[in-house]
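Since the structure comes first, as structure tokens, the remarks are kept for the end.
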Amino acid sequence: MSNHWRWQYWPLRTKLLLLTVSISTLGILLVCTSLVVVENRTYEAQLESELGVIADILTEQSAAALLFEDSQQVKTILSSLNQIETIEQVCVYNVSGDVMSALNGTGYEPCPSLDVDPAVGFVGDYYRLLEPVTLDGDIVGQFYLMSRLEVLREHIWTFIVISFSVGVGILVLLIWVASRLQRLISEPIVELSNAADRISNEHDYSIRVPVYGKDELGILGSAFNEMIGTIQQQNQKILQSKNDLERTVAERTSELSLANRELEAFSFSVSHDLRQPLRAVEGFGQALEEDCRDQLDDTGLDYLARIRAATVRMGGLIDGMLVLSRVSRQAMEVERVDLSAMLAEILEELQDTTDTVPSEVTIQPDMQVVGDERMLRIAFQNLLENAWKYTSKNEKRAIDVSACEEHNSITIALKDNGVGFDMKYVDKLFVAFNRLHTPAQFSGTGLGLATVDRVVRRHFGRVFAESPIDSGACFYVELPRPERGAESGLQQQATR
Amino acid sequence: MAKGECSILVVEDNPDDQILTMRALRKASSHSPIILQEDGQAALGFLFGTESSKRSPQVDTLGVILLDLKLPKVSGLEVLRRIRSSPQTDWLPVVMMTSSDEPNELREAYRLGANSFVTKQIDYSKFSEQMCLLARYWLTVNQVPMVGSSRSF
């Protein structure tokens, strides 16, 4: 609260008024003082000259009387001065310095001795004058006059009172005028400040300040208006582009959801419409084989078997495509997944298949990841099946699954001792329909690793592989670590 | 009525699938009558009658309906909904047959009251096995409400 009494918190108009008032007061004070001084001087000079003239006349008149030491005559001459009330004392001395005659006013005081020079001029409340009386160039005596200054003092006091009254009057007038005139300067600034305040509080950039004149204040006002105008324009542009962006996003979203719906319809179509004729081919092939076996020779039967095998392969392809499309668009349900247990289950199913290769599979226990269990199962099933498939021509199969936890990710490595792949084509490994082996070497659709890639990507992870010459292949799946952050991030993605 | 005399209603629009399904079903259960309807509308006419014809008396002998999901005119799911919304037929076991295995379709079918959902296998021997299992279960193991004269609605 006390802060607001400080100079910097004072309103501009108060400061301006105070400045004007103090300068005016100082000026008026100086003018009055100098006037009083000058008036005093002038009056003193006038008094001095008046008394000088009187003294001159009296000395002239009394010169002869002095010469003859006619004190009666001198007294008569001096008595004419009785009419002048301010004259306190008049003394006339003869040539030897004795008082010839004296005229005393109200206060009786003996004439000063001439042995010591009496103080002459304005001293205290008196004006003293000592003049020699001469006759034909010879000094015949001395004339001494002492006058009271009360009239002068009264006059000066009256002058002081009048001049200061006038000064105060002028000051009041000046303050009134200044308080009007300061608005010329303070008002535009106050308006500017108020406008700036309102803009910063209400964020209303349509506010403008009125511009007065072409001076610096006018320029300031115009510049302020221009600045706010620019901000307003920029705001509008930002708003416009935000709206445009939102509209574009909405359009793209609707396009995307349309595309998604089309894709869904397409995949449904694929799964239904492509399967049906395929099933017919396969079904009638088998019916032919069963019902008309007698009418076909070995070549015919071989062809028929090939037709049926091809349809089964194509069925596998369609299934693979469906799985791939499903893992791409299916909503994710994120939870903590016990990967070790899942891998053990997948492995159990694999070991049931007819394969006589002696296998040694090690799975690191208690591997935990966060993700959609169904999708992760599809991915790791593909990876394990791959490892199984490409080691099926070995004498002994060795598969090792281990995890390596880092700061914010977990990398699962699946290592096998199978045929591996040519590192030259590592880029094609995860691209759909790209196969690095012929169907005669190893069967497959070319969709398995693409599906793995898609699943891992949807978990914000990555999958990569390496195959050192003659030592199998190693696939790495890097997933965000099961942390609260990653879980919620995936959850957000899943609920979208 | 003995269980063996229950009939099967097959609703299937595709002629190839008709032949293949009938072939597989006959092999599985040679003595059960198999009724074929070629689309959803025909199936509804068979089950509920139309403006020109009455509902088929054969409905009372049905043991199971094998209903294809994707049918022209009236979809399999719509037929299922109609079956479930009529007291004359709401007890009938309905097995949805489909070429696809779309999770959405699956859920919707069960929501509408399907008793079973089967994805037709491309491999015909597997398909035949499916048909064999279906016929055996629904016609010999499964129990339906009393049929014939005692079914009075």
Any hit, the range A:240-260, residues being surrounded by 11 or more Cβ atoms within 10 Å (Cβ to Cβ), within 14 Å of another protein chain (Cβ to nearest Cβ) and either modelled with pLDDT under 90 or over 30 Å from A:LEU17 (Cα atoms) (or both): yes
Residues (under 16 Å from A:LEU149 (Cα atoms) and in contact with a Lys or Arg (Cβ under 6 Å, 6 or more places away or on another chain)) located in the range A:78-118: A:THR86, A:GLU88
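This table checks each residue for (1) buried (at least 17 other Cβ atoms within 10 Å of the Cβ); (2) within 14 Å of chain B (Cβ to nearest Cβ); (3) more than 17 Å from A:GLU385 (Cβ to Cβ).
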| position | (1), (2), (3) |
| --- | --- |
| A:THR299 | no, no, yes |
| A:TYR303 | no, no, yes |
| A:ARG313 | no, yes, no |
| A:ILE318 | yes, yes, yes |
| A:SER325 | yes, yes, yes |
| A:VAL334 | yes, no, yes |
| A:LEU339 | yes, no, no |
| A:GLU345 | no, no, no |
Answer residue from the range A:440-475, given it is over 27 Å from A:MET332 (Cα atoms) and without any contact (Cβ under 8 Å) to a residue 24 or more places away in the chain and is surrounded by the fewest Cβ atoms within 10 Å (Cβ to Cβ) among those: A:ALA440
Residues located in the range A:40-59, provided they are of a type outside the set (A, V, I, L, M, F, W, C) and touching a residue at least 24 places away in the same chain (Cβ under 8 Å): A:ASN40, A:TYR43, A:GLU44, A:GLU48, A:GLY52, A:ASP56, A:THR59
Sole residue being acidic (Asp, Glu) and in contact with a Ser or Thr (Cβ under 7 Å, 6 or more places away or on another chain), chosen from A:ASP372, A:ASP352, A:ASP400: A:ASP400
Tabulated pairs, the range A:376-403, first within 22 Å of A:PRO480 (Cβ to Cβ), second crowded, with 22+ Cβ neighbours inside 10 Å and among the small types (Gly, Ala, Ser), C-beta under 8 angstrom, 6+ apart or interchain: A:ASN382/A:GLY448
Qualifying residues in the range B:1-15 (those that are away from every other protein chain (no Cβ under 14 Å) and outside any strand (DSSP E or B)) - the one modelled with the highest pLDDT: B:CYS6
Residues (outside any strand (DSSP E or B) and either within 14 Å of chain A (Cβ to nearest Cβ) or closer than 21 Å to A:THR311 by Cα (or both)) located in the range B:91-107: B:SER99, B:SER100, B:ASP101, B:GLU102, B:PRO103, B:ASN104, B:GLU105, B:LEU106, B:ARG107
Selection count where residues are at pLDDT 90 or above, farther than 17 Å from B:ASN104 by Cα and of a type in the set (A, V, I, L, M), scope the range B:68-88: 2
Hits in the range B:122-153 (condition: modelled with pLDDT under 85, touching an Asp or Glu at 6+ places or on another chain (Cβ under 8 Å) and not hydrophobic (A, V, I, L, M, F, W, C)): B:ASP123, B:GLY148, B:ARG151
Of residues in the range B:108-146 being hydrophobic (A, V, I, L, M, F, W, C), away from every other protein chain (no Cβ under 14 Å) and part of a loop (DSSP other than H, G, I, E, B), the one surrounded by the fewest Cβ atoms within 10 Å (Cβ to Cβ): B:MET146
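Residue-wise test of (1) in contact with a Ser or Thr (Cβ under 9 Å, 6 or more places away or on another chain); (2) not charged (D, E, K, R).
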| site | (1), (2) |
| --- | --- |
| B:LEU62 | yes, yes |
| B:LEU67 | no, yes |
| B:LYS73 | no, no |
| B:ARG82 | yes, no |
Breaking point among (1) surrounded by 18 or more Cβ atoms within 10 Å (Cβ to Cβ); (2) within 21 Å of A:GLY315 (Cβ to Cβ); (3) modelled with pLDDT under 85, for A:ASN382: (3)
Single residue of A:PHE266, A:PHE224 found to be within 13 Å of chain B (Cβ to nearest Cβ) and aromatic (Phe, Trp, Tyr): A:PHE266
Segments classed as strands (runs of 3 or more DSSP E), wholly inside the range A:87-182, with at least 1 members that are in contact (Cβ under 8 Å) with a residue 24 or more places away in the chain and crowded, with 18+ Cβ neighbours inside 10 Å: A:87-94, A:99-104, A:126-135, A:138-148
Checklist (1) of a type outside the set (Val, Ile, Thr); (2) loosely packed, with under 11 Cβ neighbours inside 10 Å; (3) within 11 Å of chain B (Cβ to nearest Cβ); (4) closer than 30 Å to B:ARG26 by Cα applied to A:ASP294, failing item: (3)
Hits in the range B:96-107 - residues which are buried (at least 19 other Cβ atoms within 10 Å of the Cβ) and modelled with pLDDT of 85 or more: B:MET96, B:MET97, B:THR98
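Matching residues to (1) away from chain A (no Cβ under 14 Å); (2) within 18 Å of B:PHE117 (Cβ to Cβ); (3) assigned to a loop (DSSP other than H, G, I, E, B); (4) touching a helix residue (DSSP H, G or I) at 6+ places or on another chain (Cβ under 8 Å):
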{"site": "B:ASP17", "(1), (2), (3), (4)": "no, yes, no, yes"}
{"site": "B:LEU20", "(1), (2), (3), (4)": "no, no, no, yes"}
{"site": "B:LYS27", "(1), (2), (3), (4)": "no, no, no, yes"}
{"site": "B:LYS73", "(1), (2), (3), (4)": "yes, no, yes, yes"}
{"site": "B:ARG81", "(1), (2), (3), (4)": "yes, yes, no, no"}
{"site": "B:PRO87", "(1), (2), (3), (4)": "yes, no, yes, no"}
Residues satisfying the stated conditions in the range A:429-462, i.e. modelled with pLDDT under 85, in contact with a Leu (Cβ under 8 Å, 6 or more places away or on another chain) and not aromatic (Phe, Trp, Tyr): A:ALA432, A:LEU436, A:THR445
Residue match in the range A:38-50 (condition: loosely packed, with under 14 Cβ neighbours inside 10 Å and under 30 Å from A:ALA178 (Cα atoms)): yes
Any hit, the range B:43-61, residues being in a helix (DSSP H, G or I), within 14 Å of chain A (Cβ to nearest Cβ) and among the aliphatic types (A, V, I, L, M): no
Pick from the range A:183-234, criterion within 20 Å of A:THR14 (Cβ to Cβ) and of a type in the set (Val, Ile, Thr), ranking: surrounded by the fewest Cβ atoms within 10 Å (Cβ to Cβ): A:VAL190
Scope the range A:342-373; condition over 55 Å from the mean Cα position of the chain (by Cα) and in a helix (DSSP H, G or I); matching residues: A:LEU343, A:ALA344, A:GLU345, A:ILE346, A:LEU347, A:GLU348, A:GLU349, A:LEU350, A:GLN351, A:ASP352
Criterion (in contact (Cβ under 8 Å) with a residue 40 or more places away in the chain, within 25 Å of A:ASP453 (Cβ to Cβ) and not aromatic (Phe, Trp, Tyr)) met by exactly one of A:GLU349, A:GLU345, A:GLU373, A:GLU335: A:GLU373
Search result, residues across the range A:58-78 that are crowded, with 16+ Cβ neighbours inside 10 Å and not in a helix (DSSP H, G or I): A:ASP70
Residue, farthest from the chain's Cα centre (by Cα), within the range A:394-408, restricted to residues that are more than 17 Å from A:PHE380 (Cβ to Cβ) and surrounded by fewer than 19 Cβ atoms within 10 Å (Cβ to Cβ): A:GLU395
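The values are calculated or read from the model by the stated rules, or taken from the named source; none is laboratory data. Quick caveat, the model's predicted, so the values are computed rather than measured. Glycine gets a Cβ as well: all are built from the backbone with ideal geometry, and neighbour counts include every protein chain shown.
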